[in-house]
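Novice: Below you will find the structure I want to go over with you.
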Amino acid sequence: MKFSTVCTALLSLTLANARVISRQTDEKFQATNYGAYDGKISGEIETPEGCENVQVFWAAGDAWQKTPIPTESRWFNKFRHVSYWAFSSPAPGATQFYLKATCAGKDIYAPGNFVNYQLNH
């Protein structure tokens, strides 16, 4: 058997088994009341009970910033089992963002599946 035949067969098998691993999310994890104004990005975040290390990652066009925007815990709704957070930071030219949080030792994302929140100026 030729080496090129083996390589082609392995490549075909690898491509057939390859798939994009989706970002895990939760229906209670979302950004609300968000926007970009005067070079700043701000908004509110809802997370399931017990989440921590909530972060906001943003980009100007396709240029993603390496340092996430910190968030601040605001309050907890014991009837809905949802925590509320807020964020506000300079973000010149911000066009999109996504959220990341750690819940029960697992990272979750919003909006999930590599879709980002879009910002209108």
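What follows draws every value from the coordinates through simple rules; no lab data is involved. Keep in mind the model is a prediction, meaning the values are calculated, not measured. FYI the Cβ positions are ideal-geometry reconstructions off the backbone, even for glycines, and counts take in every protein chain you see.
Novice: Straight-line reach from Lys100: which aspartates and glutamates fall under 16 Å, measuring Cα to Cα and dropping same-chain residues less than 8 apart?
Specialist: Qualifying aspartates and glutamates at Cα under 16 Å: Asp26, Glu27, Glu44, Glu46, Glu49, Glu52, Glu72.
Novice: Run the Debye formula on the Cα coordinates of region 22-118, all scatterers equal and no solvent, and tell me log10 I(q)/I(0) at q = 0.14, 0.17, 0.18 1/Å.
Specialist: -0.47, -0.68, -0.77
Novice: A further question follows. Give me a comma-separated list of calculated 3J(HN,Hα) values for region 46-55, in order, Karplus coefficients 6.51, -1.76, 1.60 applied at θ = phi - 60°, integers in Hz, x for any Gly or Pro.
Specialist: Computed from phi, the couplings for region 46-55 are 10, 10, x, 3, x, 6, 9, 6, 7, 10 Hz.
Novice: What spacing in nm lies between the two simple spin-label points modelled at Ala104 and Gln118, each 7 Å away from Cα in the Cβ direction?
Specialist: Output for this residue pair reads 3.3 nm.
Novice: Which GluC sites (Glu not before Pro) from region 44-121 combine a DSSP loop assignment with at most 15 other Cβ atoms within 10 Å?
Specialist: Values: sites: Glu44, Glu46, Glu49, Glu52, Glu72; in loops: Glu49.
Those satisfying the criteria are Glu49.
Novice: Counting other Cβ atoms within 10 Å, which trypsin sites (Lys or Arg not before Pro) in region 72-121 have at most 15 and lie in a DSSP loop? Don't skip to the end; give the middle numbers.
Specialist: Values: sites: Arg74, Lys78, Arg80, Lys100, Lys106; in loops: Lys78, Arg80.
Of the trypsin sites (Lys or Arg not before Pro), the ones in loops of region 72-121 whose Cβ has at most 15 other Cβ atoms within 10 Å are Lys78, Arg80.
Novice: Let me ask something additional. Can you sort Asp107, Asp38 from fewest to most other Cβ atoms within 10 Å of each residue's own Cβ? If you can, show how the numbers build up before the last one.
Specialist: Details: Asp107 12, Asp38 7.
By the 10 Å Cβ count, ascending, the order reads Asp38, Asp107.
Novice: Okay, which of region 34-50 sit inside 18 Å, backbone N to the point 7 Å along the Cα-Cβ direction of Arg74?
Specialist: From region 34-50, the list is 34-37, 40-50.
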